[in-house]
Amino acid sequence: MTIFPMNKNLSDYDMIERDFPVHVSINEVRHHFPAHRHDFLECSLVIEGEGYETINGVKHPVSRGTFNLLLPYQIHEIVTTSPTPLRLYNCMFAMELLTASSKIGSTHLQTMLVENRLPYVQIDKDELASFEGLFGSILAEYEARDPFRKDLLPLKLHELLIRFERKRLSIRENRRAEEEQSGRKGVVWPVIEYIHYNYREDLSLTGLSETFRTHPTRLSVEIKKHAGINFMHLLHNIRLRHACSLLVATDMSILDIALEVGFSSYKVFARVFREKQGMTPSEYRQVHYASY
C-alpha cells in the first residue's frame, strides 16, 4: 500500500497572520513526526535530543546543533531515537517574506534555493552559541509584537539564513571534487524562485523554459515532481495566496486585486478563485474580514 505524505499549507495554520506569513516556535518531537510536505520554507535548529530526519528519501542523523532548511514541497519526516524528546527551534515562512525584503536577484537567495544543495549542516560547538542566540532573538521578536516587528523579523531571518548558507558553502568547498564528478545541477528551485518574484507577470512554461534553457517537457516534469502540482496550478496557488491577503487586509476592488496578482481578467480570476476556494472572492472577503 502506498502511503501519501500529508500536504500542509501556511493557510492551514490559524495562528499565522495573513499579511505576515511567518511562525516561530520551539517544538518537541517525542517519537515520530510523519512524512509531509508544504508550500512554504522551514528552517530549524535542534537544541536537545537525537534522532534522524528523512528528506526526499535520504536519511540523515539529527542532534544538538543540526540546522535544517527545507524548501517548498520537499517530503520529510522526523524520528526521535533518544530517551528524551527532540527539541528544536522552528521557523515556517512564505518565500514572499524573503523576496519582499530583499533586492531582486539577491545572491544569497539564489544560492539558498538551488535544488541539489545539502539541506542540513551540523553547527560545531564554537558557532552553536551564536546560532542559538540569533534563533532565540527571532523567537523573542516574533512573540513580543513590538513596533516595527514586521520590518525587523525578516532582517533577522535573512541573517540566520545567510549564516547557514555560509556554513553550507564552506562544507561544499570541501566536497567540490565529489560534486563536480556527479555533474548534476539543480534546475527547478531557481525556476520556483523566479515564479515567486514574477508571478504578477504573464508567465508561461514555454517562456520559463527559454529563460532557463530547459526543454518545456523536462521543466514541466520537474515542477510536477517537486511541487506535486503542475506549473499552472503552482502559479495560481501563489497568485491566490496574495489575492486572499489583499481581499482581507485591503479595500481594493476585486478587479484591481485580480490584475494586481497577475490574472489577465476578472473572469479568469473569479473562475480560478472559486475552483480553489469553493466560494467567490466577494464571499471570501465577507467570511474572513470579520476575523481579520
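The values are calculated or read from the model by the stated rules, or taken from the named source; none is laboratory data. A quick note: this is a predicted structure, and the numbers were derived from the prediction, not measured. Neighbour counts are summed over all protein chains in view; Cβ atoms, including those assigned to glycine, are modelled from backbone coordinates with ideal geometry. These accessible areas exclude ligands, DNA and RNA; they are computed on the full protein's heavy atoms, side chains included. Shrake-Rupley method; radii C 1.70, N 1.55, O 1.52, S 1.80 Å.
List of remarks:
- Residue within the stretch 235-247 that is more than 21 Å from the chain's Cα centre (by Cα), more than 30 Å from Ile75 (Cβ to Cβ) and at pLDDT below 90 present: yes
- Qualifying positions in the stretch 268-292 - surrounded by fewer than 19 Cβ atoms within 10 Å (Cβ to Cβ), touching a residue at least 12 places away in the same chain (Cβ under 8 Å) and of a type outside the set (A, V, I, L, M): Lys276, Gln277, Ser282, His288, Tyr289, Tyr292
- Leading residue by the ranking (modelled with the highest pLDDT) among those in the stretch 210-228 that are in a loop (DSSP other than H, G, I, E, B) and open to solvent by 40 Å² or more (accessible area, probe 1.4 Å): His215
- Count of the stretch 51-76 residues, restricted to those that are free of Cβ contacts under 8 Å to residues at least 60 places away in the same chain, touching an Asp or Glu at 6+ places or on another chain (Cβ under 8 Å), closer than 25 Å to Asp39 by Cβ and surrounded by fewer than 19 Cβ atoms within 10 Å (Cβ to Cβ), is 2.
- Output for the stretch 237-267, where each listed residue is of a type in the set (Asp, Glu) and either assigned to a helix (DSSP H, G or I) or open to solvent by less than 30 Å² (accessible area, probe 1.4 Å) (or both): Asp256, Glu260
- Residue among Lys156, Lys150 that is surrounded by 14 or more Cβ atoms within 10 Å (Cβ to Cβ), in contact with a helix residue (DSSP H, G or I) (Cβ under 6 Å, 6 or more places away or on another chain) and either closer than 18 Å to Tyr120 by Cβ or modelled with pLDDT of 90 or more (or both): Lys156
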